[in-house]
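Novice: My structure is below; once you've seen it, I'll send some questions.
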Amino acid sequence: MIVELGHFALILAFMVAIAQMVVPMIGAQKGWASWMGLAEPAATVQFLLTLFSFAALTYAFVVSDFSLAVVTSNSHTAKPLIYKISGVWGNHEGSMLLWILILTLFGAMAAWFGGNLPPSLRARVLSVQSAIAVAFFAFLLFTSNPFDRLLVPPLDGQDLNPLLQDPGLAFHPPFLYLGYVGLSMAFSFAVAALIEGRVDAAWGRWVRPWTLAAWIFLTIGIALGSWWAYYELGWGGFWFWDPVENASFMPWLIAAALLHSAIVVEKREALKAWTILLAILAFGFSLIGAFIVRSGVLTSVHAFANDPERGVYLLIITGVFMGGALLLFSLRAGAMEAKGVFSLVSRESALVLNNILLAVSALVVFVGTIWPLVAEMLFDRKLSVGPPFFDAAFAPFMVALAVALPLGSLLPWKRAKLGRVAKSLIPALVFAIALMALAFALQTGRSALGPIGLMLGAWLVAATVIELWQRSGKGGNRVARLRGLPRADWGKAVAHSGLGITIFGVAAMMAWQQEDIRVAEIGDRFAVGQFEIELNNVRQEQGPNYFTTVADIDVWQNDKIIAYLTPEKRMYPVANMPTTEAAIKNGILRDIYVVIGDPQVDGGWAVRTYIKPFANWIWAGAIIMSIGGGLSLSDRRYRVAAGARRAPKDAVPAE
């Protein structure tokens, strides 16, 4: 009964979404207050109905209702409860319902917290947001219905993909979708502004908190996925330039550019057309990512390999919304005249450079991701674009961004003197170069990647400290003035520092890691770097829904045992799929990472050992970036469009 009610609620939500898409838009065009007023309650009802539908599907997974095809394909009675719940979004149909739930949540939040918006803009924003929901409701109900029944339910299910049976993957998709789908609000604001024909400082202030919230969630989601890949796949890496990884990274880059561009609109009423375009492209790349993940046209270790027919529908949705928004942009771009004038050396120019670097880097990732598909379609050639291309093509733009970021943050608006700003950053530059020189002196026969990454990270962090110190003014009581700085300023400083820490972590791990692959007998002890690894035992155990081979490994340093590690190699019999569970001794300065492989014909076991310096700095930097975004989001100036409202035109009652 609950499942049927969930299905019915989904259909009702679809009908409410259609009404919300049409009625408020007409009301905004005609100036009918009652028609525009429908948008807020409709957005709330649409969210609540979708929430009930999602709860009903979750209930079906928890109680193992194998009369539902999606439960049969992605669950099993022996599976732990947490993975029964995460199985709801560990498949195409359930994950699309989660996508729509988050889409309606953002629409409802715009209705709940959009009281400072002019009524006509609020109505149009909610109408556009609902139009996106209508498209995805139709896609879900007509091509990917999670409530499809089986005529003859089986006694048990086929289990969830073992790679997804992990705490990291239980939380990774929801955060990622909050970021992906959250960018729909920036898109809705952009299209609504184009329809109204007005983009001003108030619009820039309204769109920023939505974009910032989406960027924060996307940062957390990407970091969780990177962390999962590091410890779960057993490859010892954190990023593989996989198509699905790139699908989330491209919107993150564009959203970062949009955040900085919206500042110029808010402060100087410049870059209006460019900011609108970024808002369209940010959500557009999210739609492209959904197509890549779900169409099956590109292979990935964690894509939903569905039939290409569903991909066609997603491609149509992407084409309609992107094509329609870009057409509207081309018609209205001339009306978005920039008011602010600025010189070549100014904060505005620095933010333009920031946007160019981020946008071009996103384009590089897009070309590298999609090129194998283009080559196969147009030239009938199977190509593989891997890390060497991305490392060579993407890294220079990130280096340039890291170099320019501190300078741009200190430049004043409108016009500036570069020499004066550069002079204030000399201590940060000296500190960064000194650390780079120290790293060069300590390392022997290795690449320059590590020292350069250390220099860039130190440059970003030290320059941020100098910027905060300068903002505290001169004379006594600087600490009190620092405390009084707006949260947005602190958020920017924290986020930029987090970026510097991540850059250093990536460079250090790639440059200084040590690797050892060998066949070891029980009782063997071998050296890896400054540590010794001893294989004590290999035993067989059984988990709740898997069999596992567990190795007992001691890690020695200076004749003392510093860690006991138990890497595993699991086999899930229902899915008939093995997984690798790496054992990691985490540390601030390095990780010791051990993987047990297969038994060898001549005896012994394959053992892989890695020493990963500063690995945790990568995810620490991402966490710090997210905290910085949260601090900025908590600034009242960006949560409430205070002082930015304009009196709306008198509404005309509906006839």
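The values are calculated or read from the model by the stated rules, or taken from the named source; none is laboratory data. Predicted, not measured: the structure shown is a model, and the values here were computed from it. Glycine gets a Cβ as well: all are built from the backbone with ideal geometry, and neighbour counts include every protein chain shown.
Novice: Can you report the number of residues in segment 148-177 which are over 27 Å from F106 (Cα atoms) and among the hydrophobic types (A, V, I, L, M, F, W, C)?
Specialist: Total meeting the criteria: 6.
Novice: Scanning for something modelled with pLDDT of 90 or more, among the hydroxyl-bearing types (S, T, Y) and out of contact with any Asp or Glu (no Cβ under 8 Å at 6 or more places or on another chain), does segment 500-518 turn up at least one residue?
Specialist: Checking segment 500-518: at least one residue is modelled with pLDDT of 90 or more, among the hydroxyl-bearing types (S, T, Y) and out of contact with any Asp or Glu (no Cβ under 8 Å at 6 or more places or on another chain).
Novice: What residue, among those in segment 161-197 that are touching a Ser or Thr at 6+ places or on another chain (Cβ under 9 Å) and not in a helix (DSSP H, G or I), is surrounded by the fewest Cβ atoms within 10 Å (Cβ to Cβ)?
Specialist: Ranking the candidates gives D166 first.
Novice: Applying the selection to segment 261-279, what residues are assigned to a helix (DSSP H, G or I) and either among the charged types (D, E, K, R) or within 17 Å of the chain's Cα centre (by Cα) (or both)? Don't jump to the end; show me each part of the working.
Specialist: Going through segment 261-279, the residues assigned to a helix (DSSP H, G or I) turn out to be 261-268, 272-279.
Selection gives E266, K267, R268, K272, L278, A279.
Novice: Does segment 415-425 contain at least one residue that is out of contact with any helix residue (DSSP H, G or I) (no Cβ under 8 Å at 6 or more places or on another chain), basic (K, R), farther than 18 Å from H260 by Cβ and touching a residue at least 24 places away in the same chain (Cβ under 8 Å)?
Specialist: Looking for residues that are out of contact with any helix residue (DSSP H, G or I) (no Cβ under 8 Å at 6 or more places or on another chain), basic (K, R), farther than 18 Å from H260 by Cβ and touching a residue at least 24 places away in the same chain (Cβ under 8 Å), one finds at least one in segment 415-425, hence yes.
Novice: If you don't mind, another one. Filter segment 489-504 for residues that are touching a Gly at 6+ places or on another chain (Cβ under 6 Å) and under 17 Å from A462 (Cβ atoms) and give the result. Reasoning before the result, please.
Specialist: Quick first cut of segment 489-504, residues touching a Gly at 6+ places or on another chain (Cβ under 6 Å) only: 491, 494-495, 498, 500-504.
Listed by number, the residues that qualify are V494, A495, G498, G500, I501, T502, I503, F504.
Novice: Turning to a different aspect of this structure: Determine which member of the set A375, A359 is of a type outside the set (S, T, N, Q) and closer than 22 Å to E266 by Cβ. Walk me through how you get there before you give the answer.
Specialist: Numbers: A375 fails: closer than 22 Å to E266 by Cβ.
So the residue among A375, A359 that is of a type outside the set (S, T, N, Q) and closer than 22 Å to E266 by Cβ is A359.
Novice: Another one. What tally of residues in segment 464-494 results from selecting those that are among the small types (G, A, S), over 27 Å from R205 (Cβ atoms) and assigned to a helix (DSSP H, G or I)? Please lay out each step first, then the result.
Specialist: To start, the set of residues in segment 464-494 that are among the small types (G, A, S) comprises 472-473, 475-476, 480, 484, 488, 491, 493.
When the remaining residues are screened for being over 27 Å from R205 (Cβ atoms), the result is 475-476, 480.
Then keep just the ones that are assigned to a helix (DSSP H, G or I); that gives 480.
Residues flagged as among the small types (G, A, S), over 27 Å from R205 (Cβ atoms) and assigned to a helix (DSSP H, G or I) within segment 464-494 amount to 1.
Novice: OK, next. Within segment 354-400, work out how many residues are loosely packed, with under 14 Cβ neighbours inside 10 Å and not in a helix (DSSP H, G or I).
Specialist: Within segment 354-400, residues that are loosely packed, with under 14 Cβ neighbours inside 10 Å and not in a helix (DSSP H, G or I) number 6.
Novice: Return the pairs, sorted by first residue and then second, in which the second residue is of a type in the set (A, V, I, L, M, F, W, C) and in a loop (DSSP other than H, G, I, E, B), the first residue lies in segment 234-251 and is closer than 24 Å to A583 by Cα and in contact (Cβ under 8 Å) with a residue 60 or more places away in the chain, the beta carbons are less than 7 Å apart, and the residues are 6+ apart or on different chains.
Specialist: G234/A582; D242/V301
Novice: Show the residue pairs that are 6+ apart or on different chains and have beta-carbon atoms under 7 Å apart, the first residue being within segment 1-19 and in contact (Cβ under 8 Å) with a residue 60 or more places away in the chain, the second being assigned to a loop (DSSP other than H, G, I, E, B).
Specialist: Between residues of segment 1-19 that are in contact (Cβ under 8 Å) with a residue 60 or more places away in the chain and residues that are assigned to a loop (DSSP other than H, G, I, E, B), the close pairs are V3/D65; V3/F147; G6/F147; H7/F147.
Novice: For segment 517-555, what are the residues that are touching a Lys or Arg at 6+ places or on another chain (Cβ under 9 Å), surrounded by fewer than 12 Cβ atoms within 10 Å (Cβ to Cβ) and either in the same structural domain as K84 (by TED's automatic domain parsing) or within 17 Å of A583 (Cα to Cα) (or both)?
Specialist: Listed by number, the list holds a single entry, I517.
Novice: If I go through segment 71-87 residue by residue, how many of them are crowded, with 24+ Cβ neighbours inside 10 Å and at pLDDT 90 or above?
Specialist: Matching residues across segment 71-87 total 1.
Novice: Starting from segment 508-532, take each residue that is in a strand (DSSP E or B) and list its partners that are small (G, A, S), counting only C-beta distances under 7 angstrom and pairs at least six apart or across chains.
Specialist: Q514/G529; V519/G604; V519/A606; A520/G604; F526/A520
Novice: Of all residues in segment 111-151, count the ones that are part of a helix (DSSP H, G or I), touching a helix residue (DSSP H, G or I) at 6+ places or on another chain (Cβ under 6 Å), among the small types (G, A, S) and under 27 Å from W89 (Cβ atoms).
Specialist: Total meeting the criteria: 5.
Novice: Restricting attention to segment 1-31, report how many residues are touching a strand residue (DSSP E or B) at 6+ places or on another chain (Cβ under 9 Å) and of a type in the set (G, A, S).
Specialist: Count: 1.
Novice: Taking the condition of being over 29 Å from Q158 (Cβ atoms) and of a type in the set (D, E, K, R), how many residues in segment 569-603 meet it?
Specialist: Residues meeting the conditions: 4.
Novice: Then there is this: Would you call G628 modelled with pLDDT of 90 or more and not aliphatic (A, V, I, L, M)? Steps first, please.
Specialist: Details: modelled with pLDDT of 90 or more: yes; not aliphatic (A, V, I, L, M): yes.
Considered against the rule, which asks whether it is modelled with pLDDT of 90 or more and not aliphatic (A, V, I, L, M), G628 comes out as yes.
Novice: Which number in (1) touching an Asp or Glu at 6+ places or on another chain (Cβ under 9 Å); (2) aromatic (F, W, Y); (3) in the same structural domain as G27 (by TED's automatic domain parsing) marks the one condition that F142 misses?
Specialist: Of (1) touching an Asp or Glu at 6+ places or on another chain (Cβ under 9 Å); (2) aromatic (F, W, Y); (3) in the same structural domain as G27 (by TED's automatic domain parsing), only one is false for F142: (1).
Novice: Okay, moving on. Look through segment 74-96, keep the residues that are under 22 Å from the mean Cα position of the chain (by Cα) and either part of a loop (DSSP other than H, G, I, E, B) or charged (D, E, K, R) (or both), and return whichever of them is farthest from L169 (Cα to Cα).
Specialist: By that ranking, first place goes to E93.
Novice: Output the residue which, of all residues in segment 533-554 that are in a strand (DSSP E or B) and touching a residue at least 60 places away in the same chain (Cβ under 8 Å), is nearest to A575 (Cα to Cα).
Specialist: The extreme case among them is V538.
Novice: Further, regarding this structure: Could you count how many residues in segment 147-176 are closer than 21 Å to E4 by Cα and either among the polar types (S, T, N, Q) or without any contact (Cβ under 8 Å) to a residue 24 or more places away in the chain (or both)?
Specialist: 2
Novice: May I pose another question? Hey, which of the strands (runs of 3 or more DSSP E) in segment 575-614, taking only ones fully inside, have at least 3 residues that are surrounded by 20 or more Cβ atoms within 10 Å (Cβ to Cβ) and in the same structural domain as L565 (by TED's automatic domain parsing)? Before the answer, list the steps.
Specialist: Numbers: elements: 577-581, 583-585, 590-599, 605-613.
In segment 575-614, the matching strands (runs of 3 or more DSSP E) lie at 590-599, 605-613.
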